[in-house]
Amino acid sequence: MTRVLIPLPSRDFDPTEVAIPWQVLRDAGHEIVFATPDGARAHADPLMLSGEGLDPWGFVPGLRKVRAIGLLLRARADARAAYVTLERDSAFLQPLRHDALDDVAFDALLLPGGHAPGMRPYLESATLQRVVAQCFDNARPVGAICHGVVLAARSTSVRTGKSVLHGRRTTALTWALERSAFQLCRWFARPWDAGYYRTYTESGDEPFGFRSVEGEVTRALAQPEDFLDVPDDHSDRRIKTNGIARDSANDARPAWVVRDGNYVSARWPGDAWTFARTFNEVLTIAFAP
């Protein structure tokens, strides 16, 4: 049985990017191991589960449960159902500690994302960066989605002294998607907390978008062309890039997933099903009897 490690922050991870891959990989027969900073169960970003607080009136206590935009922005029903099931999983409820991972045997690594402030300790963890680097240096399969790609980009290979993504092709949350979410939040969904959808923002003379996911990941690559977005001439470009359509168990058309050897990357929750299935294909080939 293949053992897959999914490290998590204490809070604010995206529920879709964890629950859907967990469900797909579990159903395929893999053992899933979770890890958190302190060994306590992790909690998803509550706004992505309920949608409460994602409307202009969401800061008013008595009106938080009146949702309009929030119902559109929260995780879809299939992801919420998967998360409810995940919350009863013993491995999720009894995770390992991040600082104990050096002594844990696992075969593959999956890095989910999320954008709320609780993600920063996860993305900035030297412990997790070391674990990620070891996986790449030892040619273990690695999957990363959305901000999980930032964690990979910040991980330095012992062999090369460069990012583990240097010389690889990848995707991640694109600046187009991140900027659209930021603008929606700023003007309509959460104007009192306009930066909610941006984990890091620019300072000083940095141009708008410099601290975006795409910006940081691209700077870690061997060449900018190694960051792959949907080509302009792709037949499904509109559905893949409109920021509304999401893939499902039966429809992969909205997804954009990049595979480079045993490394798989994706952009956002709208790619989660296809991302998980592609990663499962990599595991099946890598650990075929």
**Message:** Quick check on the stretch 182-200. Is at least one of its residues surrounded by fewer than 20 Cβ atoms within 10 Å (Cβ to Cβ), out of contact with any strand residue (DSSP E or B) (no Cβ under 6 Å at 6 or more places or on another chain), at pLDDT 95 or above and part of a loop (DSSP other than H, G, I, E, B)?
**Reply:** yes
**Request:** Among what's in the stretch 161-181 and is hydrophobic (A, V, I, L, M, F, W, C) and not in a loop (DSSP other than H, G, I, E, B), pick the residue that is nearest to residue 73 (Cα to Cα).
**Result:** 181
**Prompt:** Picking from 279, 275, which residue would you name as being hydrophobic (A, V, I, L, M, F, W, C), in a helix (DSSP H, G or I) and touching a Gly at 6+ places or on another chain (Cβ under 6 Å)?
**Reply:** 279
**Prompt:** Given the conditions (1) surrounded by 16 or more Cβ atoms within 10 Å (Cβ to Cβ); (2) out of contact with any Ser or Thr (no Cβ under 8 Å at 6 or more places or on another chain); (3) under 19 Å from residue 122 (Cβ atoms), and given that residue 73 satisfies all but one, which numbered condition is not satisfied?
**Reply:** (3)
**Prompt:** Restricting attention to the stretch 227-262, which residues are crowded, with 19+ Cβ neighbours inside 10 Å, of a type outside the set (Phe, Trp, Tyr) and touching a Gly at 6+ places or on another chain (Cβ under 9 Å)?
**Reply:** 240, 246, 247, 254, 255
**Asked** Out of the stretch 216-254, which residues are closer than 26 Å to residue 123 by Cβ, part of a loop (DSSP other than H, G, I, E, B), under 19 Å from the mean Cα position of the chain (by Cα) and in contact (Cβ under 8 Å) with a residue 40 or more places away in the chain?
**Response** 221, 228, 229, 243, 246
**Asked** Taking the stretch 12-48, which residues are surrounded by fewer than 19 Cβ atoms within 10 Å (Cβ to Cβ) and closer than 30 Å to residue 191 by Cβ?
**Response** 43, 46
**Prompt:** Which number in (1) within 30 Å of residue 192 (Cα to Cα); (2) crowded, with 18+ Cβ neighbours inside 10 Å marks the one condition that residue 63 misses?
**Reply:** (2)
**Request:** Inspect the stretch 114-136 for any residue being surrounded by fewer than 16 Cβ atoms within 10 Å (Cβ to Cβ), over 16 Å from the mean Cα position of the chain (by Cα) and more than 26 Å from residue 37 (Cβ to Cβ) and give the result as yes or no.
**Result:** no
**Message:** Conditions first: (1) part of a loop (DSSP other than H, G, I, E, B); (2) hydrophobic (A, V, I, L, M, F, W, C); (3) surrounded by fewer than 23 Cβ atoms within 10 Å (Cβ to Cβ). Residue 285 passes all but one, so which condition is the exception?
**Reply:** (1)
**Prompt:** How many of the residues making up the stretch 90-143 are aromatic (Phe, Trp, Tyr), farther than 20 Å from residue 48 by Cα and not in a loop (DSSP other than H, G, I, E, B)?
**Reply:** 1
**Message:** On the basis of being touching a residue at least 12 places away in the same chain (Cβ under 8 Å), within 18 Å of residue 143 (Cβ to Cβ) and surrounded by fewer than 22 Cβ atoms within 10 Å (Cβ to Cβ), does residue 106 make the cut?
**Reply:** yes
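The values are calculated or read from the model by the stated rules, or taken from the named source; none is laboratory data. Worth saying up front: this structure is predicted, and the values here are computed from it rather than measured. Neighbour counts run over all protein chains shown; Cβ positions are idealised from the backbone, glycine included.
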